[in-house]
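These notes are about the structure you will find just below.
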């Protein structure tokens, strides 16, 4: 699936719920089902320190495709990490760099990504794009 | 506090009737900042409407009026803290600025290489970093008073820490994370045996317990207005006159000078020597109004009622499985910090927020304390006298739901 198709399907999935607590319950489920990050990737280099919670992010590049793995010590953040990975992982650097991330806004989770919520997620999206940028320049 | 007066008090704080996500606001983040009563809001408005003119130097009527109001506010702070002279009260932007003022000027006047500063493990970053900066500047050592598992300072360790190199002790009156009320009078007495002055961080104390700086014999006592129902951006430093005379100015500019030539500047008398620039006379007068309001209700009444709330909240929290109360000192102020099992504090805080409940999560600007307890932070409920047991019931019910989702 293309990045925007994945984004649209996520937006749809969240739209079935009116009550915010249900949306959060879905996010918690997603956090719980995220594959745990291999301990060897939990290096200081891969950590994105937020004020409230910690996020680890790892990226691998094979055959022109980037695969991301990540984790957080807070389950809600882990849920969003899982969403970001669903959207961003498995694409080429150019695809990752050329698509706007709009699903978070549309779900109404924007507050999690606003710079005032210092939970490391803004830094995480930035880091995902930095990986893509680095791998793209490798391609050329 | 009976129900009737509680209803009246709540009606005096407009923000308490806010609706958050379609739910009535339950505000349990008073340790971070308190809400403002109508009389304080009115006072800010009145200030700009009727006494807005730059103070001290003006010859005109409005300036005189504003000056008088500002200096009356200084007297109000002086009386509130039980200080002797209004010259001993320096207005600052808050606790942080007051500590920085002392750490810098005291360091300039009295500290040199090899000296030591003593703080405690439960300090807010505001009472750590300014001293660390001093230590770096002067090649000094920061010593840290440890605490027990319950969250009480180890007085024996403290006694052993003081020596001929110790220049100053800086300790919090009440811990913003644990709620521990430290035995500051005793800490000061011990330091004074060695002729060491003591700074007390009163940010979390003055809104909740009666403070008398003379009784404590504190050399420096600092607090923030916004934590005691006054606006942000105003606070105060109390310092014994002898110290204020001995310390050099902190910042240079208008107000703090007596005479300026390009060759030499002489400084103004106390306390103006430490108040460079146009003072926050709107803030100071609103602070005085907040102090008047608190005294009208009675700080002893406030302390007794908040104690009731804290005990009740703690009891009800214990109904929840895997509950861990962080900070179990014998003497506690209106703060309850906790963790539930392995749930991250952030998750609890985010979900409670959606249910209209404002608590604080994280390390509460006391990272060394959390590190020493080996926890990522806590969820903290901190109370004010406008909170109610019914709100605690709502909070507990919400917390049970949230914990159910997260476990």
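Here is how the numbers come out for the structure above:
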quantity: Residue that is modelled with the lowest pLDDT [pool: residues in segment B:1-20 that are out of contact with any helix residue (DSSP H, G or I) (no Cβ under 6 Å at 6 or more places or on another chain) and outside any helix (DSSP H, G or I)]; calculated: B:2
quantity: In segment A:4-43, the residues that are part of a helix (DSSP H, G or I), away from every other protein chain (no Cβ under 14 Å), over 14 Å from the mean Cα position of the chain (by Cα) and within 14 Å of residue A:108 (Cβ to Cβ); calculated: A:11, A:12, A:13, A:14, A:15
quantity: Residues satisfying the stated conditions in segment A:44-79, i.e. more than 11 Å from residue A:121 (Cα to Cα), in a strand (DSSP E or B) and more than 14 Å from every other protein chain (Cβ to nearest Cβ); calculated: A:58, A:59, A:60, A:61, A:62, A:65, A:66, A:67, A:68, A:69, A:70
quantity: So residue B:406, is it in contact (Cβ under 8 Å) with a residue 24 or more places away in the chain and within 13 Å of another protein chain (Cβ to nearest Cβ); calculated: yes
quantity: Subset of segment B:200-230 [crowded, with 20+ Cβ neighbours inside 10 Å, closer than 26 Å to residue B:268 by Cβ and more than 13 Å from the chain's Cα centre (by Cα)]; calculated: B:213, B:218, B:219, B:220
quantity: Tally of residues being within 24 Å of residue B:18 (Cβ to Cβ), more than 10 Å from every other protein chain (Cβ to nearest Cβ) and surrounded by 19 or more Cβ atoms within 10 Å (Cβ to Cβ) across segment B:345-373; calculated: 6
quantity: Subset tally (residues that are in contact (Cβ under 8 Å) with a residue 60 or more places away in the chain and in contact with a helix residue (DSSP H, G or I) (Cβ under 7 Å, 6 or more places away or on another chain)) for segment A:28-49; calculated: 1
quantity: Which listed residue, of B:381, B:398, is within 17 Å of residue B:319 (Cα to Cα) and within 13 Å of another protein chain (Cβ to nearest Cβ); calculated: B:398
quantity: Condition check for residue B:389: touching a residue at least 24 places away in the same chain (Cβ under 8 Å), within 19 Å of residue B:29 (Cβ to Cβ), buried (at least 19 other Cβ atoms within 10 Å of the Cβ) and in contact with a helix residue (DSSP H, G or I) (Cβ under 9 Å, 6 or more places away or on another chain); calculated: no
quantity: Residue B:329 in contact (Cβ under 8 Å) with a residue 60 or more places away in the chain, more than 14 Å from chain A (Cβ to nearest Cβ) and out of contact with any helix residue (DSSP H, G or I) (no Cβ under 9 Å at 6 or more places or on another chain); calculated: yes
quantity: The listed residue being touching a strand residue (DSSP E or B) at 6+ places or on another chain (Cβ under 7 Å) and touching a residue at least 60 places away in the same chain (Cβ under 8 Å), out of B:357, B:396, B:297; calculated: B:357
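The values are calculated or read from the model by the stated rules, or taken from the named source; none is laboratory data. Computed from a prediction, not measured in an experiment: that's the story for all the values here. Every residue, glycine as well, gets a Cβ built from its backbone with ideal geometry; the counts of neighbours run over all protein chains shown.
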